[in-house]
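Asker: Please see the structure below; I have some questions.
The values are calculated or read from the model by the stated rules, or taken from the named source; none is laboratory data. What you see is a predicted model; the values in this text were computed from it and never measured. Cβ atoms come from the backbone with ideal geometry, glycine included; neighbour counts cover every protein chain shown. Surface areas here come from the heavy atoms of the whole protein model, side chains and all, with no ligands, DNA or RNA. Shrake-Rupley method; radii C 1.70, N 1.55, O 1.52, S 1.80 Å.
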Amino acid sequence: MKDVAEQIQAVFDGDIKTDKKTLTAYSHDASIYELIPTAVLEPKHSNDIEQVVSFVAKNKLDYPSLSITARGAGTDMSGGAISGSLILDMTKYFNTIHPYTGDLLHAEPGVHMRDIDTLLGTTHLIGCVPASRAWCTLGGMVGNNSGGERSLQYGNADKSVRELKVVFADGKQYTVKPLNKRELAIKMKKQDFEGKLYKRLFTLIENNYDDIRNARPKVNKNSMGYNLWSVWDRETGIFDMTQLITGSQGTLGVVTDIVIQTHRKALHNGLLIIYIEKQSQLEEVIQTVLRHKPVTFEGFDDVTFDLGIKYFSTFRQQLGTKEYLKQQAILLGQAARFRGHIPSMVLMVEFEDKSIPKIDSRITELRKDLSKFRLKTTVEHDDANSALFWNIRRASLSLLRNRVHGKFAAPFIDDMTVQPRHIHNFLPEARAIMRRYKLPATIAGHFGDGNFHIIPLIDIVSQKEHAKLEPIMRELIPVVLKYGGTMAGEHNDGMIRGPWLEAMFGVDMYNHFKTVKEIFDPHYIFNPHKKTDASWEYGMKHIRKNNN
C-alpha cells in the first residue's frame, strides 16, 4: 500500500503519514475495536478529497481493500472512526468557522465543539450537546446524528442541520439541502451522477413510503440505520437529503462543509440535583420529573460519582487552574454532605425561564411532588456549582476507562432508548439480562429521553468475556423491540450495531438500507464494515488487544 500513498501524494496537497506511531494512534476510537490504517491523510481543501475519492474509485479493482474513512476527534463509540485502509483526518485543515450571522452557524467538519462553544458564548448554543463536547468535532456529530443533554428540547443533530457539502462516489462535491417539488424535479432530470442519485433515492422512498415511515423507531431519538423516513414528505412536498447524510457515519460520502441551526439561550437557568438512595425508586421518580417538563434531564450512577470525586484532578488541564480549584472546593463540600456514603444515582434536572423567581417556582413544585420519596435534593443557580455535576456526567466514560484497572469500559449496549413511559418496565428487564451474564455495568444518560448508557466493565482480552457479547445482544434486542425502542439513540451503528440492523428493522427495511448504500456508494469505497456493511465476525476479529 506504500506505492498507493505515493500515487495519492502526486495529486494531494495535504499531508500523508504512514509512520508506525501515527498509524497506531489512529487505530482506536472510543469503541472496543482496533484497526490499523495503511495511511492517514490530512486534506487541505475539498479538491484533495475529490482527488482521493476519484483515485480510490478508479483503483478499487486493483486494490479491493482500498477505502476511505473520514475522522474527526476519534470519540466515536461504535468503531465508526477507524479503518484498515485510508483515514481522512479532517481536524488539521478543515477547521474554519465562517462569520456568524443570525441563528445559523457555518463551519467545516473538523472544527471542535469547544471552539464553537467559545464563539457562541452566552447567547447561543447548538442543540445537540454530546458528553464529549470538549473533544468531539462538528463533523463527527453530524456523521453520528449525535444527541446529548439538550436533545430533550432540541432533538439530535438531524433536527438542526440545514445544509451540507458532500463529496460523493463520483469524486465531485455537491451541495445538499432541502428541495421543493420543482427543485427536486430539476435535479432528477439531470443525467449525471447527482441526477441519477436523486432519482433512484426518490423512487425507493416513494415506492415504499408507508413501510419506510412506519419503520421509524417510536422514540424521541434514533441513530440506527439510514434516516430514510425523514427525507421525503408527501404532505409538505419537501425532499431533504441532509436528513439521510446526517447519521450516515461517512458511509455515503465525505462531508466537507456544514450549516447548522443554533438556538438562543434562555436568560436564566436553575439545576435541581436529586440524590437517589434506592434504584428501585428510579422509575417513578423519572415519571414525576418529566411531568414538570424540564429542558434537560440527565443522570449518572454511584460508580461514576465516586470516580468523579476520587479523580477530579483529571479535569485540571481541561478546566484551567483557577476554575479547577473553584470546582474542587465545591466538590469537597458535596462529598462532606454524604459522609462517605455515595447515593445510588444522581439526577440533574434543569429548568430555564425569563426570571429566577419563575425557575424557583417550578423547582419548588417539583420538590413538592418528590417529597413522598424522601430524597435529598439541592438547587444550583450558580454556573460554577452546576459545572461540577456536568463535568462528571460528561466524563463518565473516560473516568471508567482510565481509572478502573484490569477492566475495559465496553460500549456495546450503551445506547438503548425507549419512550420514558416504558422505563419502569424496560430498565429492570435490561438489568436482569446483565446480571444473568455476570457483567457489572454502570449507568449514565439522558433519562428524559429514555436513553440509557449502560456500559459493562469487561476484561477485553478474555475470550470468556467475548463469548457473552453476542448472546447479550440477542436477548436485549427483543426487549427493546417490545417497547418500540432502538439500540442506538445517538451513538450510531458502526461495527457494533450494524450487524443487528436486520434484527431491529426486519428484512425488507434492511434491504432498503442496503439499497441506499449501493445507490450512493456502488463500489463500497466509503467507511467499510460499518452499518449495512458490518458483520459480527469481522468485528470480533478486531476487538482491542488490551484494556487500555
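Asker: Just the number, please: percent antiparallel of the DSSP beta bridges in segment 417-505, rounded to the nearest 5.
Answerer: 100 percent
Asker: Give the Rg/Rh ratio for segment 506-548, taking Rg as the radius of gyration of the Cα atoms and Rh as the Kirkwood radius, to two decimals. Could the numbers behind the result be given before it?
Answerer: Working: Rg = 13.4 Å, Rh = 12.0 Å.
We get a ratio of 1.11 for segment 506-548.
Asker: So, one more: Under the definition of Cα pairs under 8 Å and six or more residues apart, what whole-number percent is the relative contact order of the chain?
Answerer: Details: 1112 pairs, mean separation 98.6, N = 548.
It comes to 18 percent, rounded to a whole number.
Asker: For segment 151-192, how many pairs of lysine residues have a Cα-Cα distance under 19 Å, where the two are 8 or more positions apart or belong to different chains?
Answerer: 12
Asker: So if each residue of separation counts as 0.36 nm, and I subtract the Cα-Cα distance between V461 and S355, what length gain in nm does that give? Don't jump to the answer; show the numbers that get you there.
Answerer: On the way: separation 106, 0.36 × 106 = 38.16 nm, distance 5.36 nm.
Answer, rounded to one decimal: 32.8 nm.
Asker: Express the carbon and sulfur contribution to the solvent-accessible surface of segment 398-491 as a percent, rounded to the nearest whole number, probe 1.4 angstrom. Working shown, then result.
Answerer: Values: 1730 of 3220 Å².
Ligands and nucleic acids excluded, carbon and sulfur reach 54 percent.
Asker: Segment 1-157: D in µm²/s via Stokes-Einstein (Kirkwood Rh, Cα pairs, 37 °C, 0.692 mPa s)? Let's see the in-between values first.
Answerer: On the way: Rh = 16.6 Å.
After rounding, the answer is 198 µm²/s.
Asker: Next question, about the same structure. Can you give the Rg to Rh ratio of segment 446-497, both from alpha-carbon atoms, with Rh computed by the Kirkwood formula?
Answerer: Details: Rg = 12.6 Å, Rh = 12.7 Å.
Rg/Rh for segment 446-497 comes to 0.99.
Asker: Placing unit charges on C-beta atoms (Lys and Arg positive, Asp and Glu negative, everything else neutral), compute the dipole magnitude of the chain about its Cα centre in debye, rounded to 20. Intermediate values should be presented prior to the final figure.
Answerer: Values: 71 positive and 64 negative charges, 216 e Å.
The dipole magnitude comes to about 1040 debye.
Asker: Under a Cβ-Cβ cut-off of 10 Å, what is the net charge of the residues other than K172 that fall near it, where Lys and Arg count +1 and Asp and Glu count -1?
Answerer: On the way: positive: none; negative: E50, D170, D192, E194.
Summing Lys and Arg as +1 and Asp and Glu as -1 gives -4.
Asker: Can you work out the FRET efficiency for the pair D211 and K20, with r the C-beta to C-beta distance and R0 = 51 Å, to the nearest 0.05? Intermediate values should be presented prior to the final figure.
Answerer: Numbers: r = 49 Å, r/R0 = 0.96.
FRET efficiency, D211 to K20: 0.55.
Asker: Over the chain, what is the percentage of antiparallel beta bridges among all DSSP beta bridges, to the nearest 5? Walk me through the numbers before you get to the answer.
Answerer: Numbers: 61 of 69 bridges.
Looking only at bridges with both residues in the chain, the antiparallel portion is about 90 percent.
Asker: Right, next: Can you tell me the orientation of helix 321-338 relative to the chain, as the angle in degrees between its alpha-carbon axis and the longest Cα principal axis, to the nearest 10?
Answerer: 50 degrees
Asker: Need the C-alpha centroid separation for segment 1-74 versus segment 442-471, integer Å.
Answerer: 31 Å
Asker: Between N180 and R162, what is the label-point separation in nm under the 7 Å Cα-to-beta-carbon projection?
Answerer: 1.8 nm
Asker: Scan around A39 for amide H atoms under 5 Å from its own, H built in the peptide plane at 1.01 Å from N, and keep only partners 5 or more places away or cross-chain.
Answerer: Correct list: I87.
Asker: To continue, here is another question. Can you give me the Cα centroid spacing of segment 491-541 and segment 147-179 in angstrom?
Answerer: 20 Å
Asker: May I have the extent of the alpha carbons of segment 400-501 along their three principal axes, as whole Å values ordered from largest to smallest?
Answerer: Extents along the principal axes: 37, 26, 26 Å.
Asker: Considering only the other residues whose Cβ falls under 14 Å of the Cβ of K464, what net charge follows from Lys and Arg at +1 and Asp and Glu at -1? Before the final figure, lay out each step's value.
Answerer: Working: positive: K407, K438, K468; negative: D459, E465, E470.
It works out to a net charge of 0.
Asker: Explain nothing, just compute: Karplus ³J(HN,Hα) = 6.51 cos²θ - 1.76 cosθ + 1.60, θ = phi - 60°, for every residue of segment 160-170 in order, whole Hz, x for Gly and Pro.
Answerer: So the J values, rounded to whole Hz, are 10, 5, 10, 7, 9, 10, 9, 8, 8, 5, 7.
Asker: If you don't mind, there's one more thing I want to ask. Dividing the alpha-carbon radius of gyration of segment 215-285 by 2.2 N^0.38 Å (N being the number of residues), what value is obtained?
Answerer: Numbers: Rg = 19.0 Å, N = 71, 2.2 N^0.38 = 11.1 Å.
Rounded to two decimals, the normalised Rg is 1.70.
Asker: Once amide H atoms are placed 1.01 Å from N in the peptide plane, what residues at a sequence separation of 5 or more from I460, or on another chain, have their amide H within under 5 Å of its amide H?
Answerer: F408
Asker: So, in nm, how far is label E34 from label T377 when the simple model puts each one 7 Å beyond its Cα toward the Cβ?
Answerer: 4.7 nm
Asker: How much mean residue ellipticity at 222 nm does the chain get from its helices, if each DSSP H run of length 4 or more adds -39500 (n - 2.57) and you divide by all residues, to the nearest 500 deg cm²/dmol? Write out the running numbers ahead of the final one.
Answerer: Details: 22 runs with 215 residues, N = 548.
Mean residue ellipticity at 222 nm (helix-derived): -11500 deg cm²/dmol.
Asker: Which ³J(HN,Hα) values, rounded to whole Hz and listed in residue order, are derived for segment 183-198 from phi using the Karplus coefficients 6.51, -1.76 and 1.60 in 6.51 cos²θ - 1.76 cosθ + 1.60 with θ = phi - 60°, glycine and proline given as x?
Answerer: 5, 5, 4, 5, 4, 6, 7, 5, 9, 8, 4, 5, x, 5, 4, 4
Asker: So, one more: Restricting to segment 1-125, compute how many DSSP beta bridges are antiparallel as a %, nearest 5.
Answerer: Working: 6 of 13 bridges.
Looking only at bridges with both residues in segment 1-125, the antiparallel portion is about 45 percent.
Asker: When the Cα atoms of the chain are enclosed in a convex hull and the volume is divided per residue, what value in Å³ results? List each step's numbers first, then the result.
Answerer: Details: hull volume 82.8 nm³, N = 548.
Here the figure is 151 Å³ per residue.
Asker: At K541 and A432, where each label point lies 7 Å from the Cα along Cα→Cβ, what is the point-to-point distance in nanometres?
Answerer: Using points 7 Å along Cα→Cβ, the separation is 3.8 nm.
Asker: Let me ask something else about it. Considering only the other residues whose Cβ falls under 11 Å of the Cβ of I212, what net charge follows from Lys and Arg at +1 and Asp and Glu at -1?
Answerer: Working: positive: R213, R216; negative: E206, D210, D211, D508.
With Lys, Arg at +1 and Asp, Glu at -1, the net is -2.
Asker: Given the convex hull of the Cα atoms of segment 103-259, what is a quarter of its surface area in nm²?
Answerer: Numbers: hull surface 38.0 nm².
For the Cα atoms of segment 103-259, the hull's average projected area reads 9.5 nm².
Asker: Next up: Can you tell me the relative contact order of segment 412-544? Whole percent, Cα pairs under 8 Å, sequence separation 6 or more.
Answerer: Values: 162 pairs, mean separation 36.2, N = 133.
For segment 412-544, the relative contact order is 27 percent.
Asker: With unit charges on the beta carbon (Lys/Arg positive, Asp/Glu negative), name the residue among G139, S160, F447 whose Cα is farthest towards the positive pole of the charge dipole of the chain.
Answerer: F447
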